[in-house]
Amino acid sequence: MTQLLINRRLALAGLVLAGPLAQVSLGGIAFAQGSEDARFTAFLDAAFDQAIALSPETMTSLGMKTDYGKLDDYTDAGADKGLALSETQLAAMKAQFSYDKLGSQSQISWRLFEQSVAVAKEGVRWRDHGYQATVNGSHAGEIPVFLINQHRVDGVGDAEAYISRLKDTKRVMIEVSASIEKSASKGIVAPAFTFPPVEKDARNVLAGAPFTDGEDVAVWADFKAKVGKLTASQADKDRLLAEGRAALTGPFKEGYEHFLATQKKVQAQAKGNNGAWALPDGEAYYAYRLKVSTTTDMTAEQIHQLGLANLKRVQGEMRAIMAKVGFKGSLQDFFKAIKTDAKYQYPNTDAGKQQYLADAKGYIAQVMAKAPEYFMRLPKAPLEVRAVEEWRQETASVAFYNRPTPDGSRPGIYYVNLADMTQVLKPQAEGIAYHEGAPGHHFQIALAQELQGLPKFRRFGGYGAYIEGWGLYSERLGKEMGFYTDPYSDFGRLSLEAWRAVRLVTDTGLHAKKWTREQSIAFFQENSLLSERDIVKEIERYICWPGQATSYMVGQQKILMLRQKAKAALGGKYDIRAFHDAVLKDGALPLDVLEQQVDAYIAGAK
């Protein structure tokens, strides 16, 4: 799963822009000289810059230092300003440009921009349906991660901006808490199981110096380390550390205490662990979430049946591997053998964690060595493998990818959650590395940022079905590149694909067919190789994030269908490198637009 710096409310609304929008006049835009397409791209880039102007976090994630001492606006008023700006920009676009006079690439940008505004307007109805704090994460965990991983301190002013953000955390926590209470007043409360882990992670942020005795908490250790590396006088460093400590023990802590008090108050209103069907207008809300997540008009029943069909196919391939290795017994017996045999696990020690990280780096290195045979262009940004920090393991996903900065100051990062090594299976490590790292998210997301000629909102935006579909496609591509030489690792690959098929079944089961949490966990246990811990985390993630889990296999199936279409149409002219370029060269796209682009590639190749 990718973890992009996208405001939760805007992700719910379906915006492709990565951050809150602000009302800014369109006057004074200096358009590029030359073609109408160049002028149009200049207009869209200016619109993007305006859109992120009141999202300090997004600007930081893109390597900018504008409003460096501020955090985002998490109020409804901020979201309303964003929508108003996007509508103003759309009106200006239609007034100043003619669709018919633009080239094909600009016409795609036109349609995508127009669509993003329409989806955002539709999403206003569901603004309060999105849970602000769950096992998928909360601002209590995300703010420290943001400061640690993205706030660079290159001088005294940057350190002062860090302190300012520590202080601003109180405002954010108050705004998020108000949003949680507003949703609760409408009968929209996060599932009961979310409250203990959210509280635990929030308290972990405060568990240590300077709040209590003991080791430095992560954000304090980070600030001290960054200040320590400054070329500045000792007096300046001492002042910064004193102000940082005061900001943490004062407004920062007060914000967390306010958030925790709100969580405790709202927890009493939690009504079990049900899917979206139990929310007000839940059926319509889930239909909207499926449309946003898959970029299709597929119904819940169609997605459910797609999952069952692919699960049957994958399990057939699994049984073939069982026969190859001479295993006698059922598929479930084989699952149990792999889950319980120590040879398929890493030691639950620091050495075991380091071995996993070393293996993951090795898998990515072999992809990089062979990638030129399968891709015309590779991302310039480096890729690192890191373990999720211990203090946020409870609400972090199994594995995820963080994008690099365009200026190269931060690499792409493949994170893996190593909280309990007894729950990590060696046969799955290879496939996960290809999905989250290379040739998966890093090749797609980092490369998109580097594409020349595309407007910024396409280089930095995204569509879940495309992004996650490419990640799942990349797991299978690793097989075609000659990897998974061990049959058990290949079985692990298939288990990951089965996992995504199970997602289609359980997500629709939970939200449309009124499956219980326990019923969904049982289906997962019967049909997947995931550990017990990860199965529970998966189901709880789906309950909290309706529809998102359907994006993976829906997107993968579309890419595979398009590849088969290209092979059949081109015959001897088919080139895997050219096909991958056709899929990746335009950045993330809705699946229908992706098909149009692949059709154009086929026509051109003929």
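If you take just the helices (runs of 4 or more DSSP H) that sit entirely in the range 210-309, which of them hold at least 1 residues that are under 30 Å from Ala178 (Cβ atoms) and touching a Lys or Arg at 6+ places or on another chain (Cβ under 6 Å)?
234-247, 253-267
Tell me, yes or no, whether the range 517-526 has at least one residue that is touching a residue at least 60 places away in the same chain (Cβ under 8 Å), surrounded by fewer than 22 Cβ atoms within 10 Å (Cβ to Cβ) and in the same structural domain as Arg458 (by TED's automatic domain parsing).
yes
May I ask you to list pairs of residues, at least six apart or on different chains, whose Cβ atoms are under 7 Å apart, with the first in the range 259-271 being farther than 14 Å from Lys200 by Cα and the second being surrounded by fewer than 20 Cβ atoms within 10 Å (Cβ to Cβ)?
Hits for this filter: Thr262/Glu181; Val266/Glu181; Val266/Ala184; Gln269/Ala184; Ala270/Ala192.
Tell me which helices (runs of 4 or more DSSP H) are completely within the range 30-105 and hold 3 or more residues being without any contact (Cβ under 8 Å) to a residue 24 or more places away in the chain, or say none if there are none.
The helices (runs of 4 or more DSSP H) meeting that bar are 36-51, 76-96.
Checking the conditions here, which among Ala232, Ala218, Ala192, Ala247 is under 30 Å from Arg125 (Cβ atoms), of a type in the set (A, V, I, L, M, F, W, C) and in contact (Cβ under 8 Å) with a residue 12 or more places away in the chain?
Numbers: Ala232 fails: under 30 Å from Arg125 (Cβ atoms); Ala218 fails: under 30 Å from Arg125 (Cβ atoms); Ala247 fails: under 30 Å from Arg125 (Cβ atoms).
The match here is Ala192.
What are the residues in the range 145-188 that are of a type in the set (Gly, Ala, Ser) and in a helix (DSSP H, G or I), if any? Please lay out each step first, then the result.
The first filter runs over the range 145-188 and keeps only residues of a type in the set (Gly, Ala, Ser), leaving 155, 157, 159, 161, 164, 177-179, 183-185, 187.
Once the filter is applied, which keeps residues that are of a type in the set (Gly, Ala, Ser) and in a helix (DSSP H, G or I), the range 145-188 yields Gly157, Ala159, Ala161, Ser164, Ser177, Ala178, Ser179, Ser183, Ala184, Ser185.
What are the residues in the range 439-474 that are of a type in the set (Asp, Glu) and in contact with a helix residue (DSSP H, G or I) (Cβ under 7 Å, 6 or more places away or on another chain), if any?
Glu468
Quickly run through the range 455-468 and pick out the residues that are among the hydrophobic types (A, V, I, L, M, F, W, C) and at pLDDT 95 or above.
Passing the criteria: Phe457, Ala465, Ile467.
Taking Pro590, is it in contact with a Phe, Trp or Tyr (Cβ under 6 Å, 6 or more places away or on another chain), modelled with pLDDT of 95 or more, in the same structural domain as Asp341 (by TED's automatic domain parsing) and not β-branched (Val, Ile, Thr)?
Taking the combined requirement at face value, the residue does not satisfy it.
Matching residues to (1) outside the structural domain of Ser35 (by TED's automatic domain parsing); (2) modelled with pLDDT of 95 or more; (3) among the acidic types (Asp, Glu); (4) buried (at least 20 other Cβ atoms within 10 Å of the Cβ):
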{"residue": "Thr66", "(1), (2), (3), (4)": "no, yes, no, no"}
{"residue": "Leu71", "(1), (2), (3), (4)": "no, yes, no, yes"}
{"residue": "Ala79", "(1), (2), (3), (4)": "no, yes, no, yes"}
{"residue": "Glu87", "(1), (2), (3), (4)": "no, yes, yes, no"}
{"residue": "Lys101", "(1), (2), (3), (4)": "no, yes, no, no"}
{"residue": "Val156", "(1), (2), (3), (4)": "yes, yes, no, no"}
{"residue": "Ala159", "(1), (2), (3), (4)": "yes, yes, no, yes"}
{"residue": "Leu166", "(1), (2), (3), (4)": "yes, yes, no, yes"}
{"residue": "Arg171", "(1), (2), (3), (4)": "yes, yes, no, no"}
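The values are calculated or read from the model by the stated rules, or taken from the named source; none is laboratory data. These numbers were taken from a predicted model, which means no experiment stands behind them. With ideal geometry, Cβ positions are generated from the backbone for all residues, glycine too; neighbour counts draw on all protein chains shown.
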